[in-house]
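Here's the structure we're looking at; comments come further down.
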């Protein structure tokens with residue numbers, strides 16, 4: 001069994017959790033804030049296709065649910081898979097969005113830190129978008 005170093009990155013948003021979840025559960029909304037997911041997200045059957053930073057990617061999103069789960073699996077053109085656990089939960093009358101980043105094999109400490117910074121910037125973009 002293998003486990004990887006992880007980092008959970010969170011942002012508080014001054015909007016109700018259900019409203020934030022409704023926005024985030026529509027894959028089309030990711031293009032407005034998630035720069036790491038690429039651009040041009042188009043639905044193809046059960047998957048979404050986008051142009052990622054290193055070529056085409058396929059994305060599978062967790063179906064809508066009552067628990068605030070927004071997990072998604074990103075599959076690179078090479079076939080490499082990257083699981084992305086994501087949640088929205090109530091935080092008082094607002095919400096908390098969390099994203100867990102895993103340090104995969106071959107990822108240096110510097111790359112992992114840069115990835116965490118990228119996720120943090122994307123979550124800050126989400127916050128600004130939803131609080132505007």
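Read-outs throughout are calculated quantities, based only on the coordinates presented, and are distinct from any laboratory measurement. Being a predicted model, the structure only gives us computed values, none of them experimental. Backbone-built Cβ (ideal geometry, glycine too); neighbour counts: all protein chains shown.
Considering only residues of region 68-122 that are touching a helix residue (DSSP H, G or I) at 6+ places or on another chain (Cβ under 6 Å) and in a loop (DSSP other than H, G, I, E, B), which is surrounded by the fewest Cβ atoms within 10 Å (Cβ to Cβ)?
The residue in question is 103.
Inside region 12-45, can you point out the residues that are part of a strand (DSSP E or B) and crowded, with 20+ Cβ neighbours inside 10 Å?
Hit for region 12-45 is 13, nothing else.
Assess whether residue 51 counts as being free of Cβ contacts under 8 Å to residues at least 60 places away in the same chain and either farther than 18 Å from residue 80 by Cα or within 13 Å of the chain's Cα centre (by Cα) (or both).
So residue 51 does not fit the description; no.
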